[in-house]
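Remarks on the structure that follows.
The values are calculated or read from the model by the stated rules, or taken from the named source; none is laboratory data. Quantities reported herein were computed from a predicted structural model and do not represent experimental measurements. Neighbour counts are summed over all protein chains in view; Cβ atoms, including those assigned to glycine, are modelled from backbone coordinates with ideal geometry.
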């Protein structure tokens, strides 16, 4: 299997989405991010918080928390068979998050979805942007790992 031409990137709180191309992420970012996908236990990661990764067949669910609780969840579906169950799981990954997407209507794989916790509304914009970028990099790290 080869890496896809693009990944559909969605912020579930907003709906919609956009294609993310491999050129959108740097090799340096991938070098730093790839090891996160190998975490077997929750681990504190500088700049992110507590990171936990669950491998789900041809997909992954990454949750990011801090002392105040959940910050975000990232779902990555590399194949159609995992798309629907992972999409539903992602909708439940951050309790209380206000979402604009339908848990019964997943996008076509490959996709990378991000759910931001409601607490992120009160955080600096740069912090939210960093999570959106991190989701994109996690998505590409997963796709290249599975290729």
Breaking point among (1) touching a residue at least 60 places away in the same chain (Cβ under 8 Å); (2) assigned to a helix (DSSP H, G or I), for residue 127
(1)
Pair list, Cβ under 7 Å, 6 or more apart: region 1-19 residue surrounded by fewer than 11 Cβ atoms within 10 Å (Cβ to Cβ), other residue assigned to a loop (DSSP other than H, G, I, E, B)
1/147; 2/147
Quickly run through region 120-147 and pick out the residues that are under 18 Å from residue 54 (Cβ atoms) and surrounded by fewer than 16 Cβ atoms within 10 Å (Cβ to Cβ).
145
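So, in region 55-80, exactly how many residues are within 21 Å of residue 13 (Cβ to Cβ) and without any contact (Cβ under 8 Å) to a residue 24 or more places away in the chain?
2
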All but one of (1) out of contact with any strand residue (DSSP E or B) (no Cβ under 7 Å at 6 or more places or on another chain); (2) touching a residue at least 40 places away in the same chain (Cβ under 8 Å); (3) not in a helix (DSSP H, G or I) hold for residue 106; state the number of the condition that does not hold.
(2)
Here are the criteria: (1) assigned to a strand (DSSP E or B); (2) out of contact with any helix residue (DSSP H, G or I) (no Cβ under 8 Å at 6 or more places or on another chain). Tell me which single one residue 121 does not satisfy.
(1)
In region 64-87, which residues are within 19 Å of residue 7 (Cβ to Cβ) and out of contact with any helix residue (DSSP H, G or I) (no Cβ under 9 Å at 6 or more places or on another chain)?
80, 81, 82, 83, 84, 85, 86, 87
Which count do you get for residues in region 18-60 that are in a strand (DSSP E or B), under 15 Å from the mean Cα position of the chain (by Cα) and more than 16 Å from residue 133 (Cβ to Cβ)?
8
Checking residue 98 against (1) surrounded by fewer than 24 Cβ atoms within 10 Å (Cβ to Cβ); (2) modelled with pLDDT of 95 or more; (3) out of contact with any helix residue (DSSP H, G or I) (no Cβ under 7 Å at 6 or more places or on another chain), the condition it does not meet:
(3)
Criterion first (surrounded by fewer than 20 Cβ atoms within 10 Å (Cβ to Cβ) and either closer than 26 Å to residue 26 by Cα or in contact (Cβ under 8 Å) with a residue 60 or more places away in the chain (or both)) does residue 46 satisfy it?
yes
Where residue 109 falls short, out of the listed (1) crowded, with 17+ Cβ neighbours inside 10 Å; (2) at pLDDT below 95
(2)
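So which residues in region 131-147 are out of contact with any strand residue (DSSP E or B) (no Cβ under 8 Å at 6 or more places or on another chain) and either more than 14 Å from residue 26 (Cβ to Cβ) or not in a helix (DSSP H, G or I) (or both)?
Within region 131-147, 145, 146, 147 qualify.
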